[in-house]
Amino acid sequence: NAGVTQTPKFQVLKTGQSMTLQCAQDMNHNSMYWYRQDPGMGLRLIYYSASEGTTDKGEVPNGYNVSRLNKREFSLRLESAAPSQTSVYFCASSESSSLDQPQHFGDGTRLSIL
Amino acid sequence: QKEVEQDPGPLSVPEGAIVSLNCTYSNSAFQYFMWYRQYSRKGPELLMYTYSSGNKEDGRFTAQVDKSSKYISLFIRDSQPSDSATYLCAMSAYNFNKFYFGSGTKLNVKP
(Lines give C-alpha, C1' and ligand atoms only; values in the text may rest on other atoms or scores of the structure.)
Protein backbone atom coordinates (compact mmCIF):
# COMPACT_ATOMS: atom_id res chain seq x y z
CA ASN A 1 0.00 0.00 0.00
CA ALA A 2 2.02 2.97 -1.32
CA GLY A 3 -0.22 5.85 -0.11
CA VAL A 4 1.22 9.09 -1.52
CA THR A 5 4.22 8.74 -3.83
CA GLN A 6 6.41 11.67 -4.81
CA THR A 7 9.08 11.78 -7.52
CA PRO A 8 11.89 12.64 -7.62
CA LYS A 9 13.16 12.38 -4.03
CA PHE A 10 16.06 14.78 -4.64
CA GLN A 11 16.85 17.34 -7.33
CA VAL A 12 19.41 20.07 -7.89
CA LEU A 13 18.58 22.83 -10.36
CA LYS A 14 20.28 25.92 -11.62
CA THR A 15 18.55 29.28 -11.36
CA GLY A 16 16.16 29.73 -14.28
CA GLN A 17 15.66 26.03 -15.01
CA SER A 18 12.21 24.52 -14.99
CA MET A 19 11.08 21.41 -13.16
CA THR A 20 7.91 19.41 -12.53
CA LEU A 21 7.41 17.55 -9.26
CA GLN A 22 5.12 14.55 -9.53
CA CYS A 23 2.67 13.22 -6.95
CA ALA A 24 0.33 10.24 -7.10
CA GLN A 25 -2.01 8.74 -4.48
CA ASP A 26 -3.65 5.33 -4.48
CA MET A 27 -6.23 5.95 -1.73
CA ASN A 28 -8.99 7.21 -4.06
CA HIS A 29 -8.87 10.57 -2.32
CA ASN A 30 -10.65 13.55 -3.82
CA SER A 31 -8.41 16.34 -2.49
CA MET A 32 -4.70 16.88 -2.99
CA TYR A 33 -2.25 19.49 -1.73
CA TRP A 34 1.26 20.83 -2.27
CA TYR A 35 3.24 22.23 0.69
CA ARG A 36 6.74 23.49 1.17
CA GLN A 37 8.64 23.04 4.44
CA ASP A 38 11.41 25.45 5.41
CA PRO A 39 13.35 25.57 8.68
CA GLY A 40 11.48 27.53 11.34
CA MET A 41 8.54 28.20 9.02
CA GLY A 42 6.37 25.11 9.33
CA LEU A 43 4.45 23.68 6.40
CA ARG A 44 3.04 26.29 4.05
CA LEU A 45 0.34 25.53 1.49
CA ILE A 46 1.30 26.33 -2.10
CA TYR A 47 -1.73 25.06 -4.06
CA TYR A 48 -4.51 22.60 -3.49
CA SER A 49 -7.10 20.73 -5.52
CA ALA A 50 -10.35 20.12 -3.69
CA SER A 51 -11.53 17.72 -6.39
CA GLU A 52 -10.56 16.53 -9.84
CA GLY A 53 -10.75 19.44 -12.27
CA THR A 54 -10.29 22.22 -9.70
CA THR A 55 -7.22 23.95 -8.33
CA ASP A 56 -6.84 26.88 -5.96
CA LYS A 57 -4.02 29.03 -4.62
CA GLY A 58 -2.77 28.53 -1.11
CA GLU A 59 -0.61 30.73 1.07
CA VAL A 60 2.52 30.94 -1.13
CA PRO A 61 1.58 30.30 -4.81
CA ASN A 62 3.92 32.76 -6.54
CA GLY A 63 6.40 31.09 -8.88
CA TYR A 64 4.47 27.82 -9.05
CA ASN A 65 1.81 26.21 -11.21
CA VAL A 66 -0.12 23.01 -10.70
CA SER A 67 -2.03 20.48 -12.76
CA ARG A 68 -4.55 17.98 -11.46
CA LEU A 69 -3.97 15.45 -14.19
CA ASN A 70 -6.64 13.01 -12.95
CA LYS A 71 -7.99 11.88 -9.60
CA ARG A 72 -4.71 10.16 -8.69
CA GLU A 73 -2.11 12.68 -9.85
CA PHE A 74 -1.28 16.28 -8.93
CA SER A 75 1.89 17.89 -10.27
CA LEU A 76 3.73 21.04 -9.23
CA ARG A 77 5.75 23.01 -11.79
CA LEU A 78 8.47 25.58 -11.26
CA GLU A 79 8.74 27.50 -14.55
CA SER A 80 11.88 29.47 -13.72
CA ALA A 81 13.48 28.24 -10.52
CA ALA A 82 14.89 30.74 -8.01
CA PRO A 83 17.17 30.12 -5.00
CA SER A 84 14.27 31.16 -2.71
CA GLN A 85 12.45 28.04 -3.89
CA THR A 86 15.07 25.78 -2.31
CA SER A 87 12.95 23.74 0.08
CA VAL A 88 11.44 20.35 0.85
CA TYR A 89 8.18 19.90 -1.02
CA PHE A 90 5.43 17.65 0.30
CA CYS A 91 2.35 16.40 -1.47
CA ALA A 92 -0.65 15.34 0.60
CA SER A 93 -4.10 13.94 -0.05
CA SER A 94 -7.34 13.65 1.90
CA GLU A 95 -10.73 12.09 1.34
CA SER A 96 -12.26 15.55 0.97
CA SER A 97 -11.24 19.16 1.51
CA SER A 98 -13.32 19.28 4.67
CA LEU A 99 -11.04 20.31 7.51
CA ASP A 100 -12.07 17.37 9.70
CA GLN A 101 -10.40 15.01 7.24
CA PRO A 102 -6.79 14.06 7.97
CA GLN A 103 -4.19 14.69 5.30
CA HIS A 104 -1.80 11.90 4.29
CA PHE A 105 1.65 13.02 3.23
CA GLY A 106 4.29 11.68 0.89
CA ASP A 107 7.96 11.54 1.88
CA GLY A 108 8.89 14.75 0.11
CA THR A 109 11.09 16.05 -2.68
CA ARG A 110 14.26 17.81 -1.56
CA LEU A 111 14.94 20.57 -4.08
CA SER A 112 18.08 22.73 -4.17
CA ILE A 113 18.40 25.65 -6.54
CA LEU A 114 21.86 27.04 -7.12
CA GLN B 1 2.97 37.31 14.83
CA LYS B 2 2.63 33.72 13.65
CA GLU B 3 -0.78 32.10 13.85
CA VAL B 4 0.73 29.06 15.58
CA GLU B 5 3.81 29.05 17.83
CA GLN B 6 5.77 25.96 18.73
CA ASP B 7 9.08 25.68 20.59
CA PRO B 8 11.58 24.12 18.15
CA GLY B 9 13.53 22.29 20.88
CA PRO B 10 15.37 20.02 20.72
CA LEU B 11 13.80 18.34 23.72
CA SER B 12 15.95 15.52 25.08
CA VAL B 13 14.50 13.06 27.62
CA PRO B 14 15.48 9.63 29.00
CA GLU B 15 13.56 6.53 27.91
CA GLY B 16 10.42 6.05 30.01
CA ALA B 17 9.89 9.75 30.70
CA ILE B 18 6.60 11.57 30.23
CA VAL B 19 6.92 14.10 27.44
CA SER B 20 4.85 17.25 27.08
CA LEU B 21 4.78 19.01 23.71
CA ASN B 22 2.90 22.28 23.31
CA CYS B 23 1.57 24.80 20.83
CA THR B 24 0.01 28.19 21.37
CA TYR B 25 -2.18 29.98 18.86
CA SER B 26 -3.65 33.41 18.35
CA ASN B 27 -6.90 32.81 16.44
CA SER B 28 -9.78 31.99 18.78
CA ALA B 29 -11.78 30.60 15.82
CA PHE B 30 -9.60 27.48 15.58
CA GLN B 31 -11.57 24.35 16.39
CA TYR B 32 -9.82 21.50 14.58
CA PHE B 33 -6.50 20.45 16.12
CA MET B 34 -4.10 17.81 14.87
CA TRP B 35 -0.72 16.43 15.89
CA TYR B 36 1.63 14.97 13.31
CA ARG B 37 4.86 13.03 13.84
CA GLN B 38 7.65 13.45 11.31
CA TYR B 39 10.68 11.19 11.24
CA SER B 40 13.87 12.44 9.62
CA ARG B 41 13.66 12.43 5.81
CA LYS B 42 10.00 11.37 5.91
CA GLY B 43 6.62 13.02 5.52
CA PRO B 44 4.40 13.93 8.48
CA GLU B 45 2.04 11.20 9.69
CA LEU B 46 -1.14 11.94 11.63
CA LEU B 47 -1.00 11.00 15.31
CA MET B 48 -4.02 12.61 16.92
CA TYR B 49 -7.03 14.67 15.88
CA THR B 50 -9.29 16.55 18.28
CA TYR B 51 -12.26 18.79 17.71
CA SER B 52 -12.88 21.78 19.97
CA SER B 53 -11.87 21.42 23.63
CA GLY B 54 -11.06 18.50 25.86
CA ASN B 55 -8.80 15.47 25.94
CA LYS B 56 -8.33 12.53 23.64
CA GLU B 57 -6.29 9.45 24.46
CA ASP B 58 -4.81 6.86 22.13
CA GLY B 59 -2.45 4.37 23.71
CA ARG B 60 0.54 6.23 25.12
CA PHE B 61 -0.55 9.51 23.53
CA THR B 62 -2.95 12.10 24.97
CA ALA B 63 -3.97 15.27 23.17
CA GLN B 64 -5.33 18.14 25.21
CA VAL B 65 -6.97 21.38 24.02
CA ASP B 66 -7.49 24.43 26.23
CA LYS B 67 -9.36 26.93 24.09
CA SER B 68 -9.61 29.51 26.89
CA SER B 69 -5.80 29.71 26.99
CA LYS B 70 -5.34 29.05 23.24
CA TYR B 71 -3.00 26.22 24.09
CA ILE B 72 -2.78 22.62 22.97
CA SER B 73 -0.61 19.83 24.29
CA LEU B 74 0.49 16.34 23.33
CA PHE B 75 1.58 14.05 26.16
CA ILE B 76 3.62 10.91 25.51
CA ARG B 77 3.77 8.38 28.37
CA ASP B 78 6.56 5.83 28.75
CA SER B 79 8.52 7.47 25.94
CA GLN B 80 10.59 5.18 23.70
CA PRO B 81 13.62 5.84 21.47
CA SER B 82 11.29 5.17 18.54
CA ASP B 83 9.35 8.31 19.56
CA SER B 84 12.39 10.40 18.56
CA ALA B 85 11.04 12.61 15.79
CA THR B 86 9.75 16.11 15.10
CA TYR B 87 6.18 16.75 16.26
CA LEU B 88 4.04 19.23 14.36
CA CYS B 89 0.78 20.74 15.50
CA ALA B 90 -1.81 21.91 12.98
CA MET B 91 -5.12 23.68 13.40
CA SER B 92 -7.95 25.26 11.47
CA ALA B 93 -11.57 26.38 11.62
CA TYR B 94 -14.78 25.46 9.80
CA ASN B 95 -14.77 28.29 7.29
CA PHE B 96 -11.04 28.35 6.62
CA ASN B 97 -9.48 26.77 3.54
CA LYS B 98 -6.24 25.53 5.04
CA PHE B 99 -4.44 24.24 8.08
CA TYR B 100 -1.99 26.37 10.01
CA PHE B 101 1.07 24.36 11.00
CA GLY B 102 3.52 24.94 13.80
CA SER B 103 7.19 24.75 12.86
CA GLY B 104 7.68 21.57 14.89
CA THR B 105 9.39 20.45 18.10
CA LYS B 106 12.27 18.00 17.75
CA LEU B 107 12.17 15.25 20.41
CA ASN B 108 15.08 12.96 21.26
CA VAL B 109 14.42 10.02 23.58
CA LYS B 110 17.68 8.58 24.87
CA PRO B 111 17.95 4.85 25.65
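The values are calculated or read from the model by the stated rules, or taken from the named source; none is laboratory data. Predicted, not measured: the structure shown is a model, and the values here were computed from it. Here the Cβ positions follow ideal geometry from the backbone for every residue, glycine too, while neighbour counts run over all protein chains shown. Protein only, heavy atoms only, side chains kept; ligands, DNA and RNA dropped before computing areas. Shrake-Rupley method; radii C 1.70, N 1.55, O 1.52, S 1.80 Å.
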For this session: Whenever you get a sec, compute what percent of the accessible area on the range A:1-49 sits on carbon and sulfur atoms (1.4 Å probe).
Result: 52 percent
Seminar exercise, completed: Result for the range A:26-74: accessible area per residue, probe 1.4 angstrom, in square angstrom, of 47 Å²
Exercise. Per Stokes-Einstein, at 10 °C and 1.306 mPa s, what whole-number D in µm² s⁻¹ belongs to the range A:9-114, with the Kirkwood radius over Cα pairs as the hydrodynamic radius?
Worked result: 115 µm²/s
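What trypsin sites (Lys or Arg not before Pro) in the range A:5-112 are in a loop by DSSP, with at most 12 other Cβ atoms within 10 Å of the Cβ? Show your work: numbers first, answer last.
On the way: sites: A:LYS9, A:LYS14, A:ARG36, A:ARG44, A:LYS57, A:ARG68, A:LYS71, A:ARG72, A:ARG77, A:ARG110; in loops: A:LYS9, A:LYS14, A:LYS71, A:ARG72.
When the trypsin sites (Lys or Arg not before Pro) of the range A:5-112 are filtered for loop state and at most 12 Cβ neighbours within 10 Å, A:LYS9, A:LYS14 remain.
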Exercise. In the neighborhood of A:GLY42, defined by Cβ-to-Cβ distances under 11 Å, what is the net charge if each Lys or Arg adds +1 and each Asp or Glu adds -1?
Worked result: -1
Problem set entry | Computed Rg/Rh of the range B:1-89, alpha carbon atoms with Kirkwood Rh | 0.95
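Restricting things to alpha carbons, find the Rg to Rh ratio for the protein assembly as shown using the Kirkwood radius for Rh. Working shown, then result.
Values: Rg = 17.5 Å, Rh = 18.0 Å.
Here the Rg-to-Rh quotient is 0.97.
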Exercise. Heavy-atom accessible area per residue, chain B, 1.4 Å probe: how many Å²?
Worked result: 49 Å²
Exercise. For the pair B and A, how large is the buried accessible area, both sides, in square angstrom to the nearest 100, if the probe is 1.4 Å?
Worked result: 1700 Å²
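I'd like the carbon and sulfur percentage of the solvent accessible area for the range B:20-111, probe radius 1.4 Å, heavy atoms only, ligands and nucleic acids excluded. Walk me through the numbers before you get to the answer.
Numbers: 1840 of 4110 Å².
Looking at the range B:20-111 in its full context, I get 45 percent from C and S.
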Exercise. Which net charge results for the neighbourhood of A:GLU52, defined as the other residues with beta-carbon distances under 13 angstrom from its beta-carbon, given Lys and Arg at +1 and Asp and Glu at -1?
Worked result: +2
